[in-house]
Amino acid sequence: MQDGPFKQAIEKDDNDMVIMQQFIVLKIKNGIIVKETHMRNHSFHGDYQDSYLSETLVKIGDIPKETTH
């Protein structure tokens, strides 16, 4: 990942207690818009649990042409 505001926000450590982090990516895979969510839930004991969710949102061909730019 290149340096910049986005990387700084992800790596930021301001000594506050973090409860949850999410990283969401929208991408086109095989003509379908897919939402990928990467999550990290922190416990109050310093442990964490990572999870991942992939959601199919819509086929590109199903989007009316007048709504696209």
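With every protein chain kept in place and ligands, DNA and RNA left out, what is the accessible area per residue of the chain? Probe 1.4 Å, answer in Å².
On a per-residue basis, the chain sits at 91 Å².
Nearest 500 deg cm²/dmol is fine: what mean residue ellipticity at 222 nm does the chain get from its DSSP H runs of n ≥ 4 alone, each adding -39,500 (n - 2.57), divided by its residue count?
Values: 1 runs with 7 residues, N = 69.
Computed ellipticity for the chain at 222 nm equals -2500 deg cm²/dmol.
Once you charge only the Cβ atoms, +1 for Lys and Arg and -1 for Asp and Glu, what is the size of the charge dipole of the chain about its Cα centre, to the nearest 20 debye?
Working: 8 positive and 11 negative charges, 90 e Å.
So the dipole magnitude of the chain works out to roughly 440 debye.
Would you work out the relative contact order for the chain, in percent, from Cα pairs under 8 angstrom that are 6 or more residues apart? Display every interim value, and only then the final one.
Working: 79 pairs, mean separation 16.6, N = 69.
Answer for the chain is 24 percent.
Looking at Phe44, Thr67, Ile28, which one has the Cα that reaches farthest to the positive end of the dipole of the chain (charges on Cβ: Lys, Arg +1; Asp, Glu -1)?
Projecting each Cα onto the dipole axis, the largest value belongs to Thr67.
What are the lysines whose alpha-carbon lies under 17 Å from the alpha-carbon of Lys12, with same-chain residues fewer than 8 places away excluded?
Once the sequence-local lysines are set aside, nothing remains near Lys12.
Of the chymotrypsin sites (Phe, Trp or Tyr not before Pro) in the chain, which ones lie in a loop per DSSP and count no more than 15 other C-beta atoms within 10 Å? Could the numbers behind the result be given before it?
Details: sites: Phe6, Phe23, Phe44, Tyr48, Tyr52; in loops: Phe44.
Answer in residue order: Phe44.
What accessible surface, in Å², does a 1.4 Å probe find on Glu55, ignoring ligands, DNA and RNA and rounding to the nearest 10?
Glu55 exposes around 70 Å² with every protein chain in place.
Quick check: residue separation of Gln22 and Arg40 times 0.36 nm, minus the Cα distance between them. What number comes out in nm?
Working: separation 18, 0.36 × 18 = 6.48 nm, distance 0.65 nm.
Full extension of this stretch gives 5.8 nm more.
Go through (i) 4.6; (ii) 6.9; (iii) 5.9 and flag the label whose value is the computed mean projected area of the Cα convex hull in nm² for this structure.
Evaluating mean projected area of the Cα convex hull in nm² on these atoms matches (ii).
Take the solvent-accessible surface of the protein heavy atoms, probe 1.4 Å, and return the percent of it on the chain that carbon and sulfur atoms account for.
On the way: 3290 of 6260 Å².
Whole-percent figure for carbon plus sulfur exposure: 52.
Any chance you could run the full-extension gain for Ile32 through Glu66? It's 0.36 nm times the residue separation minus the Cα-Cα distance, nm to one decimal.
Details: separation 34, 0.36 × 34 = 12.24 nm, distance 1.81 nm.
Taking 0.36 nm per residue and subtracting the Cα distance, the gain is 10.4 nm.
The values are calculated or read from the model by the stated rules, or taken from the named source; none is laboratory data. From a predicted model like this one, the values you see are computed outputs, not experimental measurements. Because the Cβ atoms are built from the backbone with ideal geometry, glycine has one as well, and the counts that use them run over all protein chains shown. Calculation scope for accessible area: heavy atoms of the full protein, side chains included, ligands and nucleic acids excluded. Shrake-Rupley method; radii C 1.70, N 1.55, O 1.52, S 1.80 Å.
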